[in-house]
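Asker: Pasting in a structure now, in structure tokens, and then I'll have a few things to ask.
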Amino acid sequence: MDKILEHPSLATIRSYIEQLPSVPQSVVGALAGVGALYLGLRLFSYLQLVLSAFVTSGHNLRKYGRTGSWAVITGASDGLGKEYASQLAAKGFNLVLVSRTKAKLEALAKELEEKHLGKGGIKVKIHAMDFAKDNDADYEQLAELIRGLDVAILINNVGQSHSMPVSFLETPKEELQNIVTINCLGTLKVTRVVAPILKQRKHGLILTMGSFAGWTPTPYLATYSGSKAFLQQWSNALASELADDHVDVYLVLSHLVTTAMSKIRRPSLLIPNARNFVKAALGKIGLGGYQTAPSTYTPWWSHSYMLWLIENIPGVNSPVTIWYNKKMHLDIRKRALRKQAREAKKL
């Protein structure tokens, strides 16, 4: 019969522990100090989050330009771009609206000019261009349109996502091409046109719309996720380059908003409408000290809490976070395909 090994007695365990070398008090104190510092930094970060979400306000837009200065807005005819135009007009900024559909731009320009006619009035210029075509002539015409204007603000809002979540290998070639061309090249080329004016006047603001899909890897939106991650790093670098010229550059992070791109119509606790999101974005410029990425802020309060929790618990690039993103977008894809099938039967 095999010999049965007995568990060591408590006395034996105690004697083993007593034989271990004692840890110097200096080491214990150092480890305690490191732990206290870590907890202190986390508490300070959380305090910044709470203050940013509910108490403090960001930079006043008057820092960047007086009443009558100009704001250039891309993707301006719908969704967030249209709302940026409306709210900046209400604050006395003249507008240069850039988007694909000329008829929509003309209608919006007329609406805003008539709305503010009795308040001193604003001026609106429009430039219709299809960013997917990447036509250099379009950017040259934009440069000519804003020549001599006191441009104070650039809102890089133009963008395209996938029609539905899709694996990279199944992404249509045209969709892949358009996402990269519009989101990346379009944003860079417009900024190359506008930023020299801001640099020359020695103050100005560039806001570029980012996305949680670029902040954390998002399977089944791989190309869109990569394009927004590119904008995140580019914007951070540009912010450092233009800081000496007193031009503020920020990436605006958002989760879902009720827009045509998200295909969500009803707002909720986690999904604001365009009006409320843009109001927060213009009111909280620069309040991103609690975030990992520099020159980045998350204006909508529930989005900022979600971001803080992910950054401080599982981690932005953790397998858990990526797995959850994959599961969520696979579910969205399945629902979209079922909807497509139902609509096909009606035809």
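The values are calculated or read from the model by the stated rules, or taken from the named source; none is laboratory data. All of these numbers come straight from a predicted model, not from anything done at the bench. We place every Cβ from the backbone using ideal geometry, glycine too, and count neighbours over all the protein chains shown. These accessible areas exclude ligands, DNA and RNA; they are computed on the full protein's heavy atoms, side chains included. Shrake-Rupley method; radii C 1.70, N 1.55, O 1.52, S 1.80 Å.
Asker: Using mean Cβ contacts within 10 Å as the protection proxy, how do 295-305, 327-337 order, highest first?
Answerer: 295-305, 327-337
Asker: How big is the stretch 44-125 by Rg and Dmax over its Cα atoms, in Å?
Answerer: That works out to 15.5, 50 Å for Rg and Dmax.
Asker: Past 32 Å, Cα to Cα: identify those pairs from LYS82/LYS202; LYS104/LYS173; LYS91/LYS326, in the order given.
Answerer: LYS91/LYS326, as the Cα separations exceed 32 Å there.
Asker: With +1 assigned to the C-beta of every Lys and Arg and -1 to the C-beta of every Asp and Glu, and no other charges, what is the dipole magnitude of the chain about the Cα centre in debye, to the nearest 20?
Answerer: In debye, rounded to 20, the chain gives about 1280.
Asker: So, one more: Let me have the relative contact order for the chain, percent, based on Cα pairs under 8 Å that are six or more residues apart.
Answerer: 17
Asker: Could I ask something else about it? Could you tell me the accessible area of THR101 in Å² (1.4 Å probe, neighbours in place), rounded to the nearest ten?
Answerer: 50
Asker: Something else now. Once you've got the Cα coordinates, tell me which of LYS199/LYS284; LYS110/LYS279; LYS199/LYS263 are over 31 Å apart.
Answerer: Among LYS199/LYS284; LYS110/LYS279; LYS199/LYS263, the Cα-Cα distance tops 31 Å for LYS199/LYS263.
Asker: Here's something else I'd like to know. Just to confirm, what accessible area per residue do you get for the chain at 1.4 Å probe, in whole Å²?
Answerer: 56
Asker: How large, in percent, is the carbon and sulfur part of the accessible surface of the stretch 90-167 at a probe radius of 1.4 Å?
Answerer: 45
Asker: Compute a Gaussian network model of the chain, connecting alpha carbons closer than 10 Å, and tell me which residue from ALA280, ALA260, ALA222 fluctuates the most.
Answerer: ALA260
Asker: Which residue fluctuates the most in the chain, going by a Gaussian network model with Cα springs under 10 Å, if the choices are ALA213, ALA143, ALA76?
Answerer: Checking each option, the largest mean-square fluctuation is seen for ALA143.
Asker: Expressed as an acute angle from 0 to 90° and rounded to the nearest 10, what is the orientation of the C-alpha long axis of helix 79-90 relative to the principal long axis of the chain?
Answerer: Once rounded, one gets 70 degrees.
Asker: Using Cα positions and a limit of under 15 Å, work out the aspartates and glutamates in reach of LYS189, with same-chain residues fewer than 8 apart set aside.
Answerer: Within the straight-line cut-off, LYS189 pairs with ASP130, ASP134, ASP136, ASP138, GLU140, GLU144.
Asker: Run the reach check for LYS345 against aspartates and glutamates, Cα to Cα strictly under 17 Å, same-chain hits fewer than 8 apart removed. What comes back?
Answerer: Of all the aspartates and glutamates, none pass the test against LYS345 - Cα under 17 Å, at least 8 places apart if same chain.
Asker: Ignoring ligands, DNA and RNA, how do TYR220, TYR324 rank by accessible area with a 1.4 Å probe, largest first?
Answerer: TYR324, TYR220
Asker: So for the stretch 193-347, Kirkwood radius off the Cα pairs, Stokes-Einstein at 25 °C and 0.890 mPa s: how many µm² s⁻¹?
Answerer: For these conditions, the coefficient is 144 µm²/s.
Asker: At a Förster distance of 30 Å, what's the computed FRET efficiency of ALA32 paired with TRP323, Cβ-Cβ distance as r, to 0.05?
Answerer: Efficiency, rounded to the nearest 0.05: 0.30.
Asker: For ASP244, ASP78, give me the order by solvent-accessible area with a 1.4 Å probe, most accessible first, ignoring ligands, DNA and RNA.
Answerer: ASP244, ASP78
Asker: Could you tell me how many degrees, from 0 to 90 and to the nearest 10, lie between the Cα long axis of helix 222-242 and the main elongation axis, the longest principal axis, of the Cα atoms of the chain?
Answerer: So the inclination is approximately 80 degrees.
Asker: Using alpha carbons only, how many degrees (0 to 90, rounded to 10) separate the axis of helix 102-115 from the longest principal axis of the chain?
Answerer: So the inclination is approximately 80 degrees.
Asker: Quick one: Cα convex hull volume of the chain, Å³ per residue?
Answerer: 234
Asker: Rank LEU105, LEU37, LEU51, LEU169 by accessible area, highest first, at a 1.4 Å probe radius?
Answerer: Descending accessible area places them as LEU169, LEU37, LEU51, LEU105.
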